[in-house]
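Novice: Can you keep this structure in mind? I'll have questions shortly.
The values are calculated or read from the model by the stated rules, or taken from the named source; none is laboratory data. Quick caveat: nothing in here was measured; it's all calculated off a predicted structure. Cβ atoms come from the backbone with ideal geometry, glycine included; neighbour counts cover every protein chain shown. Heavy atoms of the whole protein, side chains included, go into the accessibility calculation; ligands, DNA and RNA do not. Shrake-Rupley method; radii C 1.70, N 1.55, O 1.52, S 1.80 Å.
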Amino acid sequence: MQISAAYIINKIEQAGVVGAGGAGFPSHAKLKQQVEVVIANGAECEPLLYSDNILLERHASQVIQGLLLIMTAASARQGIIAVKKKHNHLINHLQDQIKPFPQVSLFPLDDFYPAGDEHILINEVTGKRIPPGQLPFSVGILVNNVTTLYQAASAFAGEPVTSRYVTVTGEVRQPVVVDVPIGTPLSDLISAAGGSRLTDFRVIIGGPMMGQSVTDYRQEYTTKITSGIIVIPPDHFLITRTQIQPWQQLKRVQAACDNCRMCTDLCPRYLLGHPLEPHSTVRVLSQQQIEAGQHITSALLCCNCGICDTVACPCNLSPRALYQALRKELAQQKFPTPSFQSRPLPAERKQRRTPLSKLLQRLNMVKYAENKPIYLSSPLLPAKVLIKLKQHVGISAVPVVKMGDKVSKGCLAGQVPSDKLGAKVHVSINGTVSQVNVEFVEITSSIY
Ligand code: SF4
Ligand code: SF4
């Protein structure tokens, strides 16, 4: 029996599937366009994270099934799974698994950062370039993270998104990857990794390059886009630099930038021929030229990868932070997105890529990388979960449960009107609703 695109898209919408790689874009809304190729993004390019890797090791067939479903929904002829070539065992395993599906192939990626960025990934895998400021479908391609594809396959079987794999690493006794109900307290994750080796520590949610440090990890809970957490000392530069405000960044740039242009020369988007030159933006800002010329609006092309401030700048300045501030300002002013022209690809592009080994040294995290996470086979069973009603791009879900309700894993906790961009959220453990408000639903487990 032929399965219709509408049927698959509806299943994905009902299950609340969103971009699990960090974007959180509702997956059903990405399926409005038809494309030629769907790429399964298994690059997992942030250092230290292994959640997608373990998922592919354990559930490759479901990921492939999800890829085939998305290909059907988007009328794509070809599916390509992109994983780092350093994972030999995974490549061999996937090669076996895709044999029955001639429309699916593998692409082994080099080990550089940010190989998983959609613009870079598409260029690596297909040789195509998305025009600057545009989306993958403009070149007939759709990119989905492998966890998203796994969840799409589960959605098709009627299972909503209630858990995901999360990596817990850094200053913990035993780094782990574990299946975690959505809304699990971060303190439970750290306990699952044997606790921290430090008495005082900070936590980054996500990878070290694009993740967010949190002020109090005891008040934080996992979401559909939490791929990992990293425990680090409070004096690590990834923590101390977050204490510098944007206006302080600007003052530091004015005082210290020697316009060496290293930030531009190593910027992955510049190396893809996008009209983005962080050193020029720094220069015009230092000269107080703040009208919205190209060096200001090019902030919209920055992918926030952090190469400029973590790897490139010899003066410890952050063009990335300036671009973040500029993007905020342009959004507040409702500045219309200009059209950007591509430049030719710089010839030195490949030589200037940042290898993961160099990145780990710059991050001072080699010792964490040497202590690879193990897979924890028993899923976490938290005493309570706090399920945020906005874990995605779009509007918040509206709760459909009330205090005291007895609920079971998989039932609906919040929904959005079908004509609005957003995603449903579901109860992730069996228990009783112990708090509800416009931001979250808290469930207390029935097994404690
Ligand atoms: S964060 Fe820096 S290196 Fe990365 S895209 Fe933006 S300007 Fe370029
Ligand atoms: S790398 Fe640093 S010092 Fe060099 S131009 Fe960029 S911001 Fe200025």
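Novice: A 24 angstrom limit on the alpha carbon distance is what I want to check against. Which of K99/K350; K86/K372; K86/K367 exceed it?
Specialist: K99/K350
Novice: Build a GNM of the chain with springs between Cα atoms under 10 Å: which of P26, P233, P373 gets the top mean-square fluctuation?
Specialist: Fluctuation is largest for P233.
Novice: Here's another thing I want to ask about it. Taking springs between alpha-carbon atoms closer than 10 angstrom, which of Q14, Q245, Q254 fluctuates most in the Gaussian network model of the chain?
Specialist: In the Gaussian network model the winner is Q245.
Novice: For the cross-link pairs K85/K251; K224/K358; K334/K409, which exceed 32 Å when the distance is taken from alpha carbon to alpha carbon?
Specialist: Flagged as over cut-off: K85/K251; K334/K409.
Novice: Ok, one more. For the chain, what does the helix formula give at 222 nm: sum of -39500 (n - 2.57) over DSSP H segments with n ≥ 4, over the residue count, nearest 500 deg cm²/dmol?
Specialist: Result for the chain: -8500 deg cm²/dmol, rounded to the nearest 500.
Novice: Sticking with this structure for a sec: For the range 273-351, what is the accessible area per residue in Å² when the probe is 1.4 Å? Could the numbers behind the result be given before it?
Specialist: Working: 3880 Å² over 79 residues.
Value returned for the range 273-351: 49 Å² of accessible area per residue.
Novice: Return the single residue from L69, L48, L326 with maximal mean-square fluctuation; model: Gaussian network over the chain, springs between Cα atoms under 10 Å.
Specialist: Per the Cα network of the chain with a 10 Å cutoff, L326 tops the list.
Novice: May I pose another question? In percent, how large is the relative contact order of the range 294-378, given Cα pairs closer than 8 Å and 6 or more residues apart?
Specialist: Relative CO of the range 294-378 lands at 27 percent.
Novice: If you don't mind, another one. Which whole-number percent gives the relative contact order of the range 383-448, counting Cα pairs below 8 Å spaced six or more residues apart?
Specialist: 40
Novice: Report relative contact order for the chain in percent, whole number only (criteria: Cα-Cα under 8 Å, sequence separation at least 6).
Specialist: Normalised by residue count, the contact order of the chain is 18 percent.
Novice: Over the chain, what is the percentage of antiparallel beta bridges among all DSSP beta bridges, to the nearest 5?
Specialist: 60
Novice: Can you spot the lysines whose alpha carbon is less than 16 Å from K32's alpha carbon? Ignore those fewer than 8 places along the same chain.
Specialist: Of all the lysines, those that pass the test against K32 - Cα under 16 Å, at least 8 places apart if same chain - are K11, K420.
Novice: Still on this structure, please answer the following. Looking only at Cα atoms, what is the convex hull volume of the range 391-446 per residue, in Å³?
Specialist: 66
Novice: For the range 245-386, give the percent of accessible area contributed by carbon and sulfur heavy atoms, probe 1.4 Å, rounded to a whole number.
Specialist: After summing per-atom areas, the C and S share lands at 52 percent.
Novice: Now for a separate question. Taking amide H positions as placed 1.01 Å from N in the peptide plane, with prolines and chain starts having none, which residues 5 or more places from S105, or on another chain, fall under 5 Å of its amide H?
Specialist: Under 5 Å from the amide H of S105 lie the amide H atoms of G79, I80, I81, each far enough along the sequence or on another chain.
Novice: Something else about it: Run the 1.4 Å probe and let me know the accessible area of M71, rounded to the nearest 10 Å².
Specialist: Counting only protein heavy atoms, the figure is 10 Å².
Novice: What is the spin-label model distance, in nm, from S286 to K328 if the labels are put 7 Å beyond Cα along the C-beta direction?
Specialist: Roughly 2.3 nm, to one decimal.
Novice: Expected output is a single nm value to one decimal: the length gained when fully extending between K402 and E370, i.e. 0.36 nm times separation in residues minus the C-alpha distance. What is it?
Specialist: Going from the current span to full extension adds 6.9 nm.
Novice: Let me spell out the model: positive unit charges on the Cβ of Lys and Arg, negative unit charges on the Cβ of Asp and Glu, origin at the Cα centre of the chain. What dipole size does that give, in debye rounded to 20?
Specialist: Values: 44 positive and 32 negative charges, 76 e Å.
It comes to approximately 360 debye.
Novice: Are there trypsin sites (Lys or Arg not before Pro) in the range 313-387 that DSSP puts in a loop and that have at most 13 other Cβ atoms within 10 Å, and which ones?
Specialist: Answer in residue order: K334, K350.
Novice: At 1.4 Å probe radius, can you tell me the per residue accessible area of the range 1-130 in Å²? Can you show the working numbers first?
Specialist: Details: 5150 Å² over 130 residues.
With the other protein chains kept in place, the range 1-130 gives 40 Å² per residue.
Novice: Counting only heavy atoms of the protein chains, get the accessible area per residue of the range 383-448 (1.4 Å probe) and round it to a whole Å² value.
Specialist: For the range 383-448, the solvent-accessible area averages 50 Å² per residue.
Novice: Out of V282, N144, A43, whose Cα points farthest toward the positive end of the dipole of the chain (charges: +1 Lys, Arg; -1 Asp, Glu; placed on Cβ)?
Specialist: Checked the options; the winner is V282.
Novice: Also, quick follow-up: For the chain, give me every cysteine whose Cβ has no other Cys Cβ within less than 4.7 Å, ordered by residue number.
Specialist: Among the cysteines of the chain, those whose Cβ sits 4.7 Å or more from every other are C45, C257, C260, C267, C302, C303, C305, C313, C315, C411.
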